[in-house]
Amino acid sequence: ITVPTEGWGDRQQVFLQEGSCATAWASATFPAIDGITSKPGGPGAAGLIHFGVATAPAPAELLICYCKDDSACPAPAEIGTLVIESPVAGGFSCTQGSECTITLEGSGLEPGQQVEVPEGSCAGETARLPGTQAQPVVTSDGANYDLGFLHAGQTVDDLGYVGPGLVVCWVDQVGASPVEIGPLEIMGCEFADTECTLGEKCVRAQRCHGASPSSALEIKVSSCSSAAVAGIDQDMNLVHNDTHMTTGTDGRLLFAQLESLVVCSKIVPEAESVFVGRVYFVGPVGVSGQQSCVLGVPCRVEVVGRKMPAGSTTTLVDEARECGPESVDYLAQWVDKPRGTPVENQPPFDKYLLGTGTDVTTSGTRYKLCWAKDGHSPVDNRVFAGHVVVDGPTPVNFTCLVSETCELGLGGTALASTDQLWLGDSCDQVGEVVWNP
């Protein structure tokens with residue numbers, strides 16, 4: 001403000017007050033306003049008295065008071081009013097997947113003023129919320145700022161601001177200092193991309209603000225616009241049973257049809273489902289079809305999967321049982337058995353050498369092929385990876401009489417014209433071939 005400089009003495013004071021100037025100088029308290037000096041001292045050049053720059057929301061109207069002699073000033077005089085135009089301080093929140101609009105109340109709000117959303121304080125770098133506009137749309141009254149549609153874009157790293165930590169800053173005009181109006185909370189979830197190994201629990205610690213992960217996060221096939229195929233339980237385990245993914249009652253992953261699924265966040269029913277990350281599966285993703293082994297021949301099977309470790313193993317179990325602790329390992333009956341050690345690894349295929357089957361009681365039997373991440377995995381970490389049928393003759397006992405033609409009816413599966421039969425004390429060595437079918 002400007003005051004006459006002529007006759008200005010050291011005891012004269014101009015100061016600010018709220019409500020009334022009637023309080024005696026000696027007992028007066030003065031309003032505390034960020035950036036404003038309530039007792040600025042005497043006038044400078046051209047009679048200007050500088051109160052400073054308000055950097056926070058302030059009372060809309062202050063009184064300008066005057067004392068001729070501050071040593072004896074029982075009733076300061078009111079010489080005017082000082083209006084500080086600014087929004088009223090408050091708190092704000094936006095929800096992931098919804099329009100983010102900030103509404104300010106106060107005085108002096110006009111079009112052309114701006115809102116910034118930095119991290120930490122108004123001196124920080126302005127945060128770029130994914131899906132929002134670099135320059136917020138302002139309504140004609142200058143009070144509403146539409147930041148845009150808040151979403152995570154294509155990568156979870158884009159979001160980065162779930163929860164508290166942002167502030168709303170108001171700028172009156174270009175070049176003016178920003179004024180902090182209040183905090184901005186983002187209600188939403190973050191989920192970093194993760195890999196889950198079949199046969200194990202898929203536990204992922206994620207962060208949600210404004211809702212629990214079990215209610216806010218959904219697992220979908222290819223995009224957040226598709227139907228949910230799985231969820232996350234209270235222990236942060238992926239859980240569901242359908243054609244895309246199966247988990248056991250203990251939370252272990254038993255099956256995955258696809259190499260990955262998308263994770264989407266939906267904080268409230270009216271919000272849009274928002275992509276926040278992806279779950280990748282390790283192991284026999286999408287089981288192989290039925291494969292065959294022949295008795296007496298080293299058995300190699302292929303398992304289709306993703307990122308299967310070099311130490312992973314396979315085994316055969318009874319068709320009627322699951323790939324778990326109660327299953328019988330039929331490879332124990334085979335000779336030269338490396339127990340399903342991988343011999344070739346050319347993603348997405350792994351080839352495993354199961355060994356050589358010699359027990360004709362297994363002929364024609366269909367087994368489940370089970371896979372585990374490594375040879376040290378617990379038995380109950382096996383997962384289903386397809387079927388294997390063991391081909392060859394079925395067991396037969398027969399009697400021949402001297403001087404009569406000896407006929408043998410040999411049954412089995414996948415018998416061929418190149419097969420041979422011989423008699424001997426054992427089958428360790430090839431004897432004289434007595435029959436070609």
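The values are calculated or read from the model by the stated rules, or taken from the named source; none is laboratory data. Quick caveat: nothing in here was measured; it's all calculated off a predicted structure. Heads up, the Cβs are rebuilt from the backbone with ideal geometry, glycines too, and the neighbour counts pull from every protein chain shown. Surface areas here come from the heavy atoms of the whole protein model, side chains and all, with no ligands, DNA or RNA. Shrake-Rupley method; radii C 1.70, N 1.55, O 1.52, S 1.80 Å.
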Completion exercise
Contour minus Cα-Cα span, residue 300 to residue 6, at 0.36 nm per residue, comes to 95.2 nm
Practice task
With a 1.4 Å probe and every protein chain kept in, tell me what percent of the accessible surface of the chain is carbon plus sulfur.
Solution key: 50 percent
Completion exercise
Expected unfolding gain across residue 20-residue 257 under the 0.36 nm per residue rule, minus the alpha-carbon gap, is 77.8 nm
Fill in the blank from the handout: Interchain or sequence-distant (5+) residues whose placed amide H lies within less than 5 Å of the amide H of residue 106 are 88
Practice task
Enumerate the calculated ³J(HN,Hα) couplings along region 387-401 in order (Karplus 6.51 cos²θ - 1.76 cosθ + 1.60, θ = phi - 60°), each rounded to whole Hz, writing x wherever the residue is Gly or Pro.
Solution key: 10, 10, 10, 8, 9, x, x, 8, x, 8, 10, 9, 10, 10, 9
Practice task
Once you have a ≥ b ≥ c as the square roots of the Cα gyration tensor eigenvalues for region 1-90, tell me rounded if a/c is under 1.5, and otherwise prolate or oblate according to whether a/b is larger than b/c.
Solution key: oblate
Completion exercise
Here the relative contact order (percent) of region 1-84, from C-alpha pairs under 8 Å and at least 6 apart, is 39 percent
Exercise for the section: Evaluate the relative contact order of the chain (contact order divided by residue number), counting alpha-carbon pairs under 8 angstrom at least 6 apart; express in whole percent. Expected result: 10 percent
Problem - Cβ-isolated cysteines (cut-off 4.7 Å), the chain - result: 427
Practice task
Indicate the gyration tensor shape class of the chain (rounded, prolate or oblate), computed on the Cα atoms with a ≥ b ≥ c the square roots of the eigenvalues: a/c under 1.5 is rounded; otherwise a/b larger than b/c is prolate and the rest oblate.
Solution key: prolate
Completion exercise
Rounded to one decimal in nm, the spacing of the 7 Å Cα→Cβ label points at residue 376 and residue 225 is 4.8 nm
Handout entry: FRET efficiency, residue 46 to residue 268 (Cβ-Cβ, R0 51 Å, nearest 0.05)
Key = 0.30
Completion exercise
Between residue 367 and residues 5 or more places away or on another chain, the pairs with built amide H atoms under 5 Å apart involve 388, 389, 390
Practice task
May I ask you to compute the full-extension gain from residue 427 to residue 403, defined as 0.36 nm times their residue separation minus their alpha-carbon distance, rounded to one decimal in nm?
Solution key: 6.0 nm
Completion exercise
Mean accessible area per residue over the chain (1.4 angstrom probe, all protein chains present, square angstrom) is 51 Å²
Fill in the blank from the handout: Probe 1.4 Å, all chains present, heavy atoms only: residue 170 accessible area in Å², nearest 10, is 10 Å²
